[in-house]
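Working notes, structure below.
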Ligand code: 5AD
Ligand code: SF4
């Protein structure tokens, strides 16, 4: 048997890329690849790229420069290193990548990962292979399932793609071009994935999609199911204790999703709901098709059924034509809503998007200054939110042993990391996968520190009982 070939994947950007990287591993494992943490001893390096902003996109080319050296060194030692570019830059700039970086063997768009083995073989035979089509076939049907041991090694929290692509066409955004039209996976396939994950120790599922709450997959009853209905069904899968979904669009929040937040204890009260701007004029120029008041009403609907709910968001500062008055409206909206956290970005013109042709670019220095002010406001809100946990008893889902001996790390409903020392006689590993109440004593940067507020149940075996 041939020795295993070593595979190194470097992912940039969103959660979808993290998930896609795992799918690529699942495709390449049966081909005899094993993962390696180091670029230098890899036989295949895949850059799983992000095209959302220019900075993300340009990283690919600097990384390819470094990879050329690693590849030359490998060649000097008589070893061949193949280099593949995947993800959204591959999709958007296929030919350009090959022109700018001849070191690349394979360029593969996100819809074609199931063809990776054939593409690598073709590159071997012909020197190079490129595939960035949107095939008509459903790639999900062709992606192999990870082995039980692989699922267990990936931990108790897993992503599942339920929807891909976007039909919204916000004027700044490349996603509708790189990820294509909106497609939902059928309900049955998602349930099967989640059951398999749960059977192999997964306790928390995050359903992901570029526009996840536009989900409308075929249900077993022959009707299209909403995200709310899907969540309700998944909450019944034995072993699943937490459900999340990301990323949502305010215009696709329907009554089923609100009802899910009212009815499902497993559905975490933490929603990422990007608004991008607080100015109606800018929202219109962005083609968001909602006003700031519409967004506030959506937030109110969630809050009416689930008072514990907290929100995060994305913001763009310096969209073309943004005035100080527009920016003040963004600050006002952030102040009104009160976020648990948020991401904010300087506007970056993306080739091929309508906004890239707009006049009235905001000067770089103004953008910097606005970003700084917005981030300060968001940071203050995030700190206040985290501080409010001190003195409270909160549920923590434990994920893994911590860095310090005897420590265990988990997350609260709001994804805040929580660190606990369960005390002598209790193996931290035995708590992994359990939700337990923790009394929060203090805050260290973004992490909460606390103590178990209840004795773990029987199946969390104390050290003494295991003889360890
Ligand atoms: N410039 C800056 N930020 C952008 N985003 C998307 N496109 C751009 C762009 N051209 C941001 C949006 C989106 C997040 C994923 O990235 O805020 O919600
Ligand atoms: Fe991009 Fe999101 Fe707008 Fe779709 S809804 S175009 S993914 S910003």
- Residues of the stretch 142-166 being touching a residue at least 40 places away in the same chain (Cβ under 8 Å) and over 19 Å from residue 200 (Cα atoms), which ones? 162, 163, 164, 165, 166
- Item | Positions within the stretch 383-395 being closer than 17 Å to residue 312 by Cα and in contact (Cβ under 8 Å) with a residue 60 or more places away in the chain, in sequence order | 385, 386
- Note on the structure: Scanning the stretch 340-379 residue by residue, those within 30 Å of residue 447 (Cβ to Cβ) and modelled with pLDDT under 95 turn out to be none
- Task: Taking residue 342 as the residue in question, decide whether it is out of contact with any helix residue (DSSP H, G or I) (no Cβ under 7 Å at 6 or more places or on another chain) and at negative phi.
- Result: no
- Note on the structure: residue 68 meets each of (1) surrounded by fewer than 22 Cβ atoms within 10 Å (Cβ to Cβ); (2) within 26 Å of the chain's Cα centre (by Cα) with one exception, condition (2)
- Message: Just to be sure I understand the filter: pairs with C-beta atoms under 7 Å, separated by 6 or more residues or on different chains, first member in the stretch 40-55 and within 15 Å of ligand 1 (Cβ to nearest atom), second member in a strand (DSSP E or B). Which pairs pass?
- Response: 49/85; 49/86; 53/345
- Query: Among 187, 108, which is buried (at least 22 other Cβ atoms within 10 Å of the Cβ), away from ligand 1 (no atom under 16 Å from the Cβ), over 22 Å from residue 29 (Cα atoms) and modelled with pLDDT of 90 or more?
  - Reply: 187
- Task: Select from the stretch 170-184 the residues that are touching a strand residue (DSSP E or B) at 6+ places or on another chain (Cβ under 8 Å), more than 9 Å from ligand 2 (Cβ to nearest atom) and more than 10 Å from residue 209 (Cα to Cα) and list them in ascending order.
- Result: 180
- Going by the structure shown, is residue 6 within 22 Å of the chain's Cα centre (by Cα) and in a strand (DSSP E or B)? no
- Task: Mind listing whichever residues of the stretch 352-364 are away from ligand 2 (no atom under 15 Å from the Cβ) and in a loop (DSSP other than H, G, I, E, B)?
- Result: 358, 359, 360, 361, 362, 363
- Six or more apart or on different chains, Cβ under 8 Å: which pairs go from a residue in the stretch 182-195 that's touching a residue at least 12 places away in the same chain (Cβ under 8 Å) to one that's surrounded by 22 or more Cβ atoms within 10 Å (Cβ to Cβ) and assigned to a helix (DSSP H, G or I)? Could you list them? 187/230; 190/230; 190/234; 191/234; 194/234
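The values are calculated or read from the model by the stated rules, or taken from the named source; none is laboratory data. In this text, all values refer to a predicted model and were calculated from it rather than measured experimentally. Quick reminder, even Gly has a Cβ in these numbers, built from the backbone with ideal geometry, and neighbours come from all protein chains shown.
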